[in-house]
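The structure appears below as structure tokens.
The values are calculated or read from the model by the stated rules, or taken from the named source; none is laboratory data. Quantities reported herein were computed from a predicted structural model and do not represent experimental measurements. Note that we place each Cβ from the backbone using ideal geometry, even for glycine, and neighbour counts take in every protein chain shown. The accessibility values were calculated without ligands, DNA or RNA, using every heavy atom of the protein model including side chains. Shrake-Rupley method; radii C 1.70, N 1.55, O 1.52, S 1.80 Å.
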Amino acid sequence: MNSDDAATANDDSTPAGALGTIGAELSAAVDIVRSDPAGLDAVAALLGDADRVFVLGAGRSGLALRMTAMRLMHLGLTVHVVGEVTTPAITVGDVLLTASGSGTTSGIVSAARTAHEVGARVAVVTTVPDSPLGELADAVVLVPAPAKRDSGGFVSVQYAGGLFELSVALIGDALFHAAWQRSGASADELWPRHANLE
């Protein structure tokens, strides 16, 4: 790598430089989550015992959880995305898996309250464990990232909730990967569940 390439690789105004910065920041956040795995383990246990899994997030966090929903379906779990017209009522034995950086997103808090009231369990990924959403949770994964407009606490160079949203995607994949490894199923056994109406 010549000096010009090295300078570009460290310049956040270039895609390569930005990728390095974002990757390093995400790696640091993941290391903090991994250093206290109790929340991850608790969420994994809830998912493993669930009759059905319902996922709910807003914006980019919601998109990240949709990826998790897909992977859990590939594993053979019954999974529903809240808000889809085919999503049934949540009930005892089910788990609502949510993500909200602030833990105050009104629609998500309302859904968690409903799930709690009917006897379903609630799993939360958030930056604020003592938020209204966190207080409804049976299990919480704390992500060390700022809320979208947070100027205190954890600091991120990424725009808005970027660090949180990317962390949600990685945490979802980690939950899937660990469950897959525990299942003993091969990739070939999961493959028939992939969509064939594309």
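Which one is nearest to Ala169 (Cα to Cα), of the residues in region 108-132 that are open to solvent by 40 Å² or more (accessible area, probe 1.4 Å) and touching a helix residue (DSSP H, G or I) at 6+ places or on another chain (Cβ under 8 Å)? Among them, the one singled out is Val128.
Among the criteria (1) of a type in the set (Asp, Glu); (2) surrounded by fewer than 22 Cβ atoms within 10 Å (Cβ to Cβ); (3) touching a residue at least 24 places away in the same chain (Cβ under 8 Å), the one Glu165 does not fulfil is (2).
For residues that are over 17 Å from the mean Cα position of the chain (by Cα) and small (Gly, Ala, Ser), scanning just region 112-130, find the one that is farthest from Phe164 (Cα to Cα). Working first, answer last.
Filtering region 112-130 for residues over 17 Å from the mean Cα position of the chain (by Cα) gives 113-120, 130.
Filter once more, so that each one left must be small (Gly, Ala, Ser): 115, 119-120.
Details: Ala115: 24, Gly119: 28, Ala120: 25 Å.
Across region 112-130, the extreme among qualifying residues is Gly119.
Scanning region 45-80 for residues that are among the small types (Gly, Ala, Ser) and within 12 Å of the chain's Cα centre (by Cα), which turns out surrounded by the fewest Cβ atoms within 10 Å (Cβ to Cβ)? Even if it seems obvious, please write down each step before you answer.
Step one: of region 45-80, the residues among the small types (Gly, Ala, Ser) are 45, 48, 50, 57-59, 61-62, 64, 69, 76.
Cutting the leftovers down to within 12 Å of the chain's Cα centre (by Cα) gives us 57-58, 61-62, 64, 69.
Values: Gly57: 27, Ala58: 17, Ser61: 24, Gly62: 21, Ala64: 24, Ala69: 24.
Across region 45-80, the extreme among qualifying residues is Ala58.
Screening Thr98, Thr104, Thr68 for residues that are more than 30 Å from Gly20 (Cα to Cα) and either of a type in the set (Val, Ile, Thr) or not in a helix (DSSP H, G or I) (or both) leaves exactly one candidate, Thr104.
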